[in-house]
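Derivation of every value follows stated rules applied to the coordinates shown; laboratory data play no part. Everything quoted here is computed from the prediction, not taken from an experiment. For neighbour counting, all protein chains shown are included, and Cβ atoms are generated from backbone atoms with ideal geometry for every residue, glycine included.
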Amino acid sequence: MATLGTKRIFVTVGTTGFDELVAQVLSPTVLIQLAGLDFGEVMIQYGASRATFESYQPIGRIAVTGYAYKADVIEDMRAADLVISHG
């Protein structure tokens, strides 16, 4: 298995569901691109998009973790090199 990158991405959909955002971030094409940019971890706060998150198929070059809701996501945002959110 390839060495994971050093950067971290945090994706948040808030209290809603945003299946398309979660699906795109977890697509093999995007994950391979992110790994090539030295990203080694993607953390997703997936809200109501649990089924989309759980359908993720690991590619082995990037660690993916996630959760539905948390009272405060500020620490996750601060720990990230890149934050992706809905607009």
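Observations on the structure shown:
- Least to most buried among F53, F18 (fewest other Cβ within 10 Å first): F18, F53
- For percent of Cα pairs over 18 Å apart, calculated from these coordinates, the label among (1) 37; (2) 40; (3) 48: (1)
- Where labels lie 7 Å past Cα in the beta-carbon direction, separation of I84 and T29 in nm: 1.3
- Backbone HN-Hα couplings from phi across region 47-64 [Karplus 6.51/-1.76/1.60, Hz, Gly and Pro as x]: x, 7, 9, 4, 4, 5, 4, 6, 7, 4, 10, x, 9, x, 9, 8, 7, 10
- Taken one residue at a time, the phi angles of region 5-10 give Karplus couplings (6.51, -1.76, 1.60, θ = phi - 60°) of x, 9, 9, 10, 10, 10 Hz. Gly and Pro are set to x.
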